[in-house]
Structures are given as C-alpha cells and as structure tokens.
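Enquirer: Below is the structure I would like to discuss, written out as structure tokens.
The values are calculated or read from the model by the stated rules, or taken from the named source; none is laboratory data. Everything quoted here is computed from the prediction, not taken from an experiment. Don't worry about glycine lacking a Cβ; one is built from the backbone with ideal geometry, like all the others, and counts go over all protein chains shown. All accessible areas refer to the heavy atoms of the entire protein, side chains included, with ligands and DNA or RNA removed. Shrake-Rupley method; radii C 1.70, N 1.55, O 1.52, S 1.80 Å.
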Amino acid sequence: MEISIEMLNDEDAKGLFTFECDNRSFFEQTVPSRGDDYYSFENFKVRHKELLNEQEVGLSYFYLIKDGSGTIAGRINLVDIDPIDCTADVGYRIGEAFTQKGIANEALKRLVNLAPGLNVIQIHAKTTSDNIASQKVLEKNGFERISTNGENNVVTGQKVTFYHYSRNL
C-alpha cells in the first residue's frame, strides 16, 4: 500500500482525534490506555497544541501516516530528542483497518531515513511484551532488543512488561 508520512500541523486536530477515538479499543488491546480525558475533544485540542509547540522548538517531531487517498492510517513520532547525544525515542500506532499491510514497517523505514536530518543518530523504542507485531516491525528495521522491564501503567495501575530496543544510524 502506498503511504506518506506528513508532519503534524494545527489543521490535523479533528482528523487525528477521530482516528484515535475510532481505534481506542484496538490500541488498548496491546498498549496502556491514555485515559478517558484524552478522548475529550477539548482536552485533545490542548494536548495537540502542546505537541505542536514541542515540534516547533525541536523537542519532538510528530507525523501522520496517510494512505494514498489521504486517510490517516496511523502516526509515528520521534520524541524526547536529546540534542547533545543526538538520540530520540520512536513511537507509532497503526489503525485497526490498516494493520498487516506493511504500513508500520514502511513508515518506520521512512522515519529512520529522516532522523539524521533532524540531528538524531540513535533511536530508542519500547513496546509491550505482548505486542508481537510491533516487535517484528522494530527488528525488521534494524532495532535490537537491549532490555526488558516491568512498569506500572499510571492510568490503570496495572504492571506491564516492556521490551526496550535501540538502533544506531
């Protein structure tokens, strides 16, 4: 499937909110919940603006993954950029209707290629132990598992096991 990754902008708020709401139950099967407040449009708009501010100063870069018709298929982000060590964390999520089509793999490959131009030479990632699809995407894109740990989800209080990955560019 043909995709593009496009930097998040102010006009994306409503479409992204719809994407997040439509896929909430699907996402929460494999990643910790973002909590009910995230799914209030008023709260979402505030958070969206905060993300754009982070992007503007170079702390993070947020991208929408779109299919050939411009529909949001997912999102992929470089966050917590350390300008001294030139490191960042990557996160991504693909909507349920777009899974198993190679979209996450292609989006990550494109983001990895963009990263050096954003002064990032090492990317870290983490995924839950039961998110096999995400583990495969990371490994296919040259990420190596470097550690495992348990963390408490701040929203639900449940203990979640995470696998941590890294890739040097």
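Enquirer: Within region 150-169, take every residue that is open to solvent by less than 40 Å² (accessible area, probe 1.4 Å) and touching a Phe, Trp or Tyr at 6+ places or on another chain (Cβ under 8 Å) and give me the one that is modelled with the lowest pLDDT.
Expert: 150
Enquirer: Out of 68, 91, which single residue is exposed (fewer than 13 other Cβ atoms within 10 Å of the Cβ) and in contact (Cβ under 8 Å) with a residue 12 or more places away in the chain?
Expert: Going through 68, 91 in turn, just one is exposed (fewer than 13 other Cβ atoms within 10 Å of the Cβ) and in contact (Cβ under 8 Å) with a residue 12 or more places away in the chain: 68.
Enquirer: State whether one or more residues within region 31-53 are within 26 Å of residue 139 (Cβ to Cβ) and open to solvent by less than 10 Å² (accessible area, probe 1.4 Å).
Expert: Within region 31-53, none of the residues are within 26 Å of residue 139 (Cβ to Cβ) and open to solvent by less than 10 Å² (accessible area, probe 1.4 Å).
Enquirer: In the set 66, 14, which member is at negative phi, over 16 Å from the mean Cα position of the chain (by Cα) and of a type in the set (Lys, Arg)?
Expert: 14
Enquirer: Consider residue 102 against the criteria (1) open to solvent by less than 50 Å² (accessible area, probe 1.4 Å); (2) on the phi < 0 side of the Ramachandran plot; (3) not charged (D, E, K, R): it satisfies all of them except one. Which criterion is unmet?
Expert: Exception for residue 102: condition (2).
Enquirer: Here's a check for you: in region 40-69, which residue that is in contact with an Asp or Glu (Cβ under 8 Å, 6 or more places away or on another chain) and assigned to a loop (DSSP other than H, G, I, E, B) is nearest to residue 104 (Cα to Cα)?
Expert: 68
Enquirer: Also: Take residue 33 and decide whether it is assigned to a helix (DSSP H, G or I), under 22 Å from residue 135 (Cα atoms) and either hydroxyl-bearing (Ser, Thr, Tyr) or in contact with a helix residue (DSSP H, G or I) (Cβ under 7 Å, 6 or more places away or on another chain) (or both).
Expert: The answer is no for residue 33.
Enquirer: Here is a further query. Tell me which residues, restricted to region 105-138, are buried (at least 20 other Cβ atoms within 10 Å of the Cβ), of a type outside the set (S, T, N, Q) and more than 21 Å from residue 59 (Cα to Cα).
Expert: 137, 138, listed by residue number.
Enquirer: Further question on the same structure: Are there any pairs with C-beta distances below 7 angstrom linking a residue in region 121-142 that is within 10 Å of residue 165 (Cα to Cα) to a residue that is at pLDDT 95 or above and of a type in the set (D, E, K, R), with the two at least 6 apart or on different chains, and if so which?
Expert: Close Cβ pairs (under 7 Å, with a partner that is at pLDDT 95 or above and of a type in the set (D, E, K, R)) amount to 123/167; 124/89; 125/89; 142/167.
Enquirer: Could you look through region 96-111, keep only residues that are touching a residue at least 60 places away in the same chain (Cβ under 8 Å) and outside any helix (DSSP H, G or I), and pick out the one that is nearest to the chain's Cα centre (by Cα)?
Expert: Filtering first and then ranking leaves 102.
Enquirer: Identify the residue in region 12-30 that is of a type in the set (Asp, Glu) and open to solvent by less than 60 Å² (accessible area, probe 1.4 Å) and, among all such residues, is nearest to residue 151 (Cα to Cα).
Expert: Checked region 12-30; the qualifying residue nearest to residue 151 (Cα to Cα) is 20.
Enquirer: Mind checking which residues of region 54-65 are open to solvent by 30 Å² or more (accessible area, probe 1.4 Å) and out of contact with any helix residue (DSSP H, G or I) (no Cβ under 8 Å at 6 or more places or on another chain)?
Expert: 54, 56, 57, 59, listed by residue number.
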